[in-house]
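Down below is the structure, laid out as structure tokens.
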């Protein structure tokens with residue numbers, strides 16, 4: 001039996017906190033996932049246009065293989081400044097990788113970015129981008145409870161033709177393991193079944209977490225590109241996500257979980273992993289609970305649950321978003337209702 005955790009957020013995984021910061025004038029923001037200790041971490045890139053910082057430290061052959069925090073940011077390449085702000089705060093707290101006696105510890109803070117430079121915000125910030133400061137502010141606000149929708153990295157996001165946003169979901173198993181997901185949704189693909197107000201992820205929804213809409217009639221899926229996808233312009237799209245568990249997975253096991261979790265994108269968006277998206281999943285383990293039984297089977301089970309959590313987090317991010325300027329939200333578009 002698997003049910004959502006107490007908060008239905010990634011922070012249901014023990015040892016994690018999430019913080020946001022956003023600049024409403026710029027119409028962009030930053031989200032930070034913080035571990036209470038270094039986390040085993042890997043990444044899986046499926047999109048054709050990723051934007052990342054320091055992800056090579058998580059490679060299987062790399063020395064460290066752990067992260068103190070992971071940063072999701074708007075701002076396209078400018079948002080790659082955000083992990084520097086997080087690194088500064090963590091260094092002041094004494095966190096990080098020990099490199100030499102007497103030398104400061106070096107926090108390991110990988111990050112990924114999405115494109116929100118054409119959403120109507122004021123991007124004339126001069127020589128100094130706002131993202132380093134937003135990163136520092138986001139980590140300082142990290143807590144167990146956090147906002148969804150127009151928050152952090154999802155503040156200026158757009159998903160298909162709908163306002164995108166920041167979503168999260170969790171699942172707790174009857175034998176005591178927890179999986180959670182966090183997603184900033186800025187995809188080329190559409191989150192909705194064409195011609196309806198029903199999310200592609202509806203089959204995985206728990207407790208009406210994204211509105212409870214269901215198909216009222218048979219709908220044949222459009223085999224060509226959907227009409228409500230975003231204009232496919234290079235470099236302007238990405239869904240960036242983190243999946244976490246408290247199971248003590250090795251880096252190799254986390255790598256398999258990340259691959260399986262990436263399938264959650266395909267359960268929630270069409271098309272997905274396109275040449276125009278920078279889709280990436282980070283997978284982390286806080287290792288608070290010992291995995292028992294056949295490890296390969298349990299890794300498979302957790303990866304299966306993780307994919308569903310990501311699909312749910314994507315749908316929640318769009319459902320919880322508010323309109324931003326002329327970018328209309330799901331709830332504003334369908335407030336009068338629509339037959340599925």
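The values are calculated or read from the model by the stated rules, or taken from the named source; none is laboratory data. Everything numeric in this text was worked out from a predicted model, so none of it was measured. A quick note on method: Cβ atoms are made from the backbone with ideal geometry, for glycine too, and the neighbour counts reach across all protein chains shown.
Screening the stretch 1-18 for residues that are out of contact with any helix residue (DSSP H, G or I) (no Cβ under 7 Å at 6 or more places or on another chain) and within 26 Å of residue 324 (Cα to Cα) and picking the one that is surrounded by the most Cβ atoms within 10 Å (Cβ to Cβ) gives 10. When we screen 291, 254, 302, 249 for residues that are in a loop (DSSP other than H, G, I, E, B), modelled with pLDDT of 95 or more and buried (at least 16 other Cβ atoms within 10 Å of the Cβ), the only hit is 249.
Going through the stretch 271-288 one residue at a time, which ones are part of a strand (DSSP E or B) and surrounded by 23 or more Cβ atoms within 10 Å (Cβ to Cβ)?
From the stretch 271-288, those part of a strand (DSSP E or B) are 277, 280-288; that's our starting set.
If the condition is that a residue be part of a strand (DSSP E or B) and surrounded by 23 or more Cβ atoms within 10 Å (Cβ to Cβ), then 277, 280, 281, 282, 283, 284, 285 are the ones that fit.
Scanning the stretch 8-40 for residues that are touching a strand residue (DSSP E or B) at 6+ places or on another chain (Cβ under 7 Å), assigned to a loop (DSSP other than H, G, I, E, B) and over 26 Å from residue 63 (Cα atoms) yields a total of 3.
Filtered by the rule that a residue be within 20 Å of residue 246 (Cβ to Cβ) and either surrounded by 24 or more Cβ atoms within 10 Å (Cβ to Cβ) or within 13 Å of the chain's Cα centre (by Cα) (or both), the stretch 156-211 gives 168, 169, 170, 171, 178, 179, 180, 181, 182, 183. (1) in a loop (DSSP other than H, G, I, E, B); (2) touching a residue at least 40 places away in the same chain (Cβ under 8 Å); (3) surrounded by fewer than 21 Cβ atoms within 10 Å (Cβ to Cβ): which one isn't true of residue 104, the others all being true? The single condition residue 104 does not satisfy is (2).
So which of 152, 88 is surrounded by 24 or more Cβ atoms within 10 Å (Cβ to Cβ) and modelled with pLDDT of 95 or more?
152
If you go through the stretch 16-26 one residue at a time, do you hit one that is more than 20 Å from residue 133 (Cα to Cα) and modelled with pLDDT of 95 or more? There is at least one residue in the stretch 16-26 that is more than 20 Å from residue 133 (Cα to Cα) and modelled with pLDDT of 95 or more. Residues in the stretch 124-141 that are surrounded by fewer than 22 Cβ atoms within 10 Å (Cβ to Cβ), in a loop (DSSP other than H, G, I, E, B) and touching a strand residue (DSSP E or B) at 6+ places or on another chain (Cβ under 8 Å): 141 only. Residues in the stretch 10-47 that are more than 17 Å from the chain's Cα centre (by Cα) and within 19 Å of residue 77 (Cβ to Cβ): 23, 26, 27.
Let's see how each residue does on (1) in a helix (DSSP H, G or I); (2) surrounded by fewer than 18 Cβ atoms within 10 Å (Cβ to Cβ); (3) modelled with pLDDT of 90 or more:
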residue: 221; (1), (2), (3): no, yes, no
residue: 229; (1), (2), (3): no, no, no
residue: 234; (1), (2), (3): no, yes, no
residue: 244; (1), (2), (3): no, no, yes
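Just one of (1) touching a strand residue (DSSP E or B) at 6+ places or on another chain (Cβ under 6 Å); (2) over 17 Å from residue 130 (Cβ atoms); (3) surrounded by 18 or more Cβ atoms within 10 Å (Cβ to Cβ) fails for residue 53. It is (2).
Could you please let me know if residue 215 is part of a loop (DSSP other than H, G, I, E, B), touching a helix residue (DSSP H, G or I) at 6+ places or on another chain (Cβ under 8 Å) and over 22 Å from residue 71 (Cβ atoms)? Before the answer, list the steps.
Numbers: part of a loop (DSSP other than H, G, I, E, B): yes; touching a helix residue (DSSP H, G or I) at 6+ places or on another chain (Cβ under 8 Å): yes; over 22 Å from residue 71 (Cβ atoms): yes.
For residue 215, the condition - part of a loop (DSSP other than H, G, I, E, B), touching a helix residue (DSSP H, G or I) at 6+ places or on another chain (Cβ under 8 Å) and over 22 Å from residue 71 (Cβ atoms) - is met.
Apart from one condition, residue 288 fits all of (1) in contact with a helix residue (DSSP H, G or I) (Cβ under 7 Å, 6 or more places away or on another chain); (2) more than 28 Å from residue 74 (Cα to Cα); (3) touching a residue at least 60 places away in the same chain (Cβ under 8 Å); the exception is (1).
Is it the case that residue 85 is over 18 Å from residue 139 (Cβ atoms) and touching a helix residue (DSSP H, G or I) at 6+ places or on another chain (Cβ under 6 Å)?
It is false that residue 85 is over 18 Å from residue 139 (Cβ atoms) and touching a helix residue (DSSP H, G or I) at 6+ places or on another chain (Cβ under 6 Å).
Given the criteria over 24 Å from residue 187 (Cα atoms) and either surrounded by fewer than 19 Cβ atoms within 10 Å (Cβ to Cβ) or in contact with a helix residue (DSSP H, G or I) (Cβ under 7 Å, 6 or more places away or on another chain) (or both), does residue 21 qualify? Spell out how you get there, then give the answer.
Details: over 24 Å from residue 187 (Cα atoms): no; either surrounded by fewer than 19 Cβ atoms within 10 Å (Cβ to Cβ) or in contact with a helix residue (DSSP H, G or I) (Cβ under 7 Å, 6 or more places away or on another chain) (or both): yes.
Answer is no for this residue.
Of the residues 315, 321, the single one that is at pLDDT 95 or above, touching a helix residue (DSSP H, G or I) at 6+ places or on another chain (Cβ under 9 Å), more than 23 Å from residue 263 (Cβ to Cβ) and buried (at least 21 other Cβ atoms within 10 Å of the Cβ) is 321.
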